[in-house]
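Please read the structure below before turning to the comments.
The values are calculated or read from the model by the stated rules, or taken from the named source; none is laboratory data. Since this is a predicted model, take the numbers as computed values, not measurements. Cβ placement follows ideal geometry from the backbone for every residue including glycine, while neighbour counts extend to all protein chains displayed. Just the protein is used for accessible areas: all its heavy atoms, side chains included, with ligands, DNA and RNA removed. Shrake-Rupley method; radii C 1.70, N 1.55, O 1.52, S 1.80 Å.
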Amino acid sequence: MKFTIQRETLLRPLQIVCGAVERRQTLPILSHLLLDVSPDRLTLTATDLEVEIVANIPLNKAETGKVTVPARKLLDICRTLESEASIDISVQKERLQVRAGKSRFTLAMLPASDFPNAGAINDAAIFSITQNELKRIIDTTQFAMAQQDVRYYLNGLMLELGEGKITAVATDGHRLALCEATAQLEFTEARQAIIPRKAVTEMSRLLADTDDLIQIQLGTNHIQFTTSEMSFTSKLIDGRFPDYHSVLPKGGDKLVTADRQLLRQALTRASVLSNEKYRSIRFHLSEGTLRLYAHNPEQEEAEEEIAVDYQGGELEIAFNATYLLETLGAIAEDHVRITLLDGNSSCLIQGREDCKYVVMPMRL
């Protein structure tokens, strides 16, 4: 195996695939990258057995071969080489040699035959969506995923396909985030899949803010995202996601319209003196005004007041400040609409029509 490549051409794909490599691995092969060289292409593959990332790089007149090398070490070598450096990579005496200018590195290898394969995706439903739309619905919902919840099906993001749209939903049992986008579906049967937290985080990192299409294959146990430059495969969480439709509040007759940034700043200030454990903020609504109150066990208090568009009667309700701040941070619009029923019911928060956020109240 032998090929020559420019540092900048190799560095970005290396950074992409190394996102799948855990720093602490039980199997030594999982700390390695698989380099598969054909006459005109280099394919880089990394996996942790849950997530697999593959990147393709065009080559000229390469000598074919397949080897594995330590992922982090190869990445660190490329990072520290000079810009525009030309890198010669070859196999010499069962070691990988990396040369650039007067620098030479020799890396250990493991048998390529030991490198795990994600395998084929069975019974796949195939559809396409633009990268920026997929990134939008992931970025605006992933914050509501549970973390290490015993209800393992909450520790991920649920994608629902059907009726020409893709819906992303995340919940930890206390709040819920939902966002929809149109997609080019090639099937009519509605399907659901729960993507693990790590895969969701990696996809958010890899997706570009572009109108280029990304193809998605959804199988029974795996989901795969493919572009012209890379493919990303993840196992799915085997579980049944809660019926999120039943969680969406209905019948709310009290509508509050507020400047998102003003509300966020007031919440941030008031939360400084909230209870560190419960993070409770009390809302007092009256016509045209929202007052925020916070206190803590040290008898310290905070009070904020902002002008809002509200015409209903007086209402008091309390929320977890962190949940509200993360929700407001996911919304890009200048104004938010908060729909309420009473002081004991969940609120519905919206910036745009195709995104909905539900936050449960706290006891006053």
| remark: (1) touching a residue at least 12 places away in the same chain (Cβ under 8 Å); (2) open to solvent by less than 80 Å² (accessible area, probe 1.4 Å) all hold for Gln97 apart from (1)
| task | Give the residues of the range 203-221 that are closer than 23 Å to Lys235 by Cβ, touching a strand residue (DSSP E or B) at 6+ places or on another chain (Cβ under 6 Å) and either among the acidic types (Asp, Glu) or open to solvent by less than 30 Å² (accessible area, probe 1.4 Å) (or both), sorted by residue number. | result | Ile214, Ile216, Leu218
| message | Just to be sure I understand the filter: pairs with C-beta atoms under 6 Å, separated by 6 or more residues or on different chains, first member in the range 276-302 and free of Cβ contacts under 8 Å to residues at least 24 places away in the same chain, second member of a type in the set (Lys, Arg) and open to solvent by 70 Å² or more (accessible area, probe 1.4 Å). Which pairs pass? | response | Tyr293/Arg282
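In the list Ala294, Ala266, Ala258, which residue meets the criterion of being assigned to a helix (DSSP H, G or I) and of a type outside the set (Val, Ile, Thr)? If you could, list the steps in order and put the result at the bottom.
Numbers: Ala294 fails: assigned to a helix (DSSP H, G or I); Ala258 fails: assigned to a helix (DSSP H, G or I).
The unique qualifying residue is Ala266.
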| note | The number of residues in the range 23-61 that are within 25 Å of the chain's Cα centre (by Cα), among the charged types (D, E, K, R) and either exposed (fewer than 14 other Cβ atoms within 10 Å of the Cβ) or assigned to a strand (DSSP E or B) (or both) is 3
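For the range 309-334, what are the residues that are assigned to a strand (DSSP E or B) and surrounded by fewer than 16 Cβ atoms within 10 Å (Cβ to Cβ)?
First, pick out the residues of the range 309-334 that are assigned to a strand (DSSP E or B): 309, 315-320.
Hits for the range 309-334 are Asp309, Glu316.
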| query | Looking at the range 184-196, which of the residues that are outside any loop (DSSP other than H, G, I, E, B) and of a type outside the set (A, V, I, L, M, F, W, C) is nearest to Ala46 (Cα to Cα)? | reply | Pro196
| task | Would you check if Ser113 is small (Gly, Ala, Ser), part of a helix (DSSP H, G or I), open to solvent by 20 Å² or more (accessible area, probe 1.4 Å) and out of contact with any Phe, Trp or Tyr (no Cβ under 7 Å at 6 or more places or on another chain)? | result | yes
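Conditions (1) under 15 Å from the mean Cα position of the chain (by Cα); (2) in a loop (DSSP other than H, G, I, E, B); (3) under 24 Å from Glu353 (Cβ atoms), marked per residue:
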site	(1), (2), (3)
Lys198	yes, no, no
Thr201	yes, no, no
Asp209	yes, yes, yes
Gln215	no, no, no
Thr220	no, yes, no
Ser231	no, no, no
Ser234	yes, no, no
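Which one is surrounded by the most Cβ atoms within 10 Å (Cβ to Cβ) among residues in the range 186-201 that are of a type in the set (Val, Ile, Thr) and out of contact with any strand residue (DSSP E or B) (no Cβ under 7 Å at 6 or more places or on another chain)?
Looking only at the range 186-201, we keep the residues that are of a type in the set (Val, Ile, Thr), and these are 188, 194-195, 200-201.
Narrowing the set further to residues that are out of contact with any strand residue (DSSP E or B) (no Cβ under 7 Å at 6 or more places or on another chain) leaves 188, 201.
Details: Thr188: 8, Thr201: 16.
Result: Thr201.
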| request: Among the residues of the range 65-81, count how many are out of contact with any Pro (no Cβ under 9 Å at 6 or more places or on another chain), polar (S, T, N, Q) and open to solvent by less than 20 Å² (accessible area, probe 1.4 Å). | output: 0
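For the range 249-256, state whether one or more residues are open to solvent by 50 Å² or more (accessible area, probe 1.4 Å), within 21 Å of Asn155 (Cβ to Cβ) and more than 18 Å from the chain's Cα centre (by Cα).
Taking the range 249-256 first, the residues open to solvent by 50 Å² or more (accessible area, probe 1.4 Å) are 250-251, 253, 255.
Retained after the next criterion (residues that are within 21 Å of Asn155 (Cβ to Cβ)): none.
The answer is no, given that none of the residues of the range 249-256 is open to solvent by 50 Å² or more (accessible area, probe 1.4 Å), within 21 Å of Asn155 (Cβ to Cβ) and more than 18 Å from the chain's Cα centre (by Cα).
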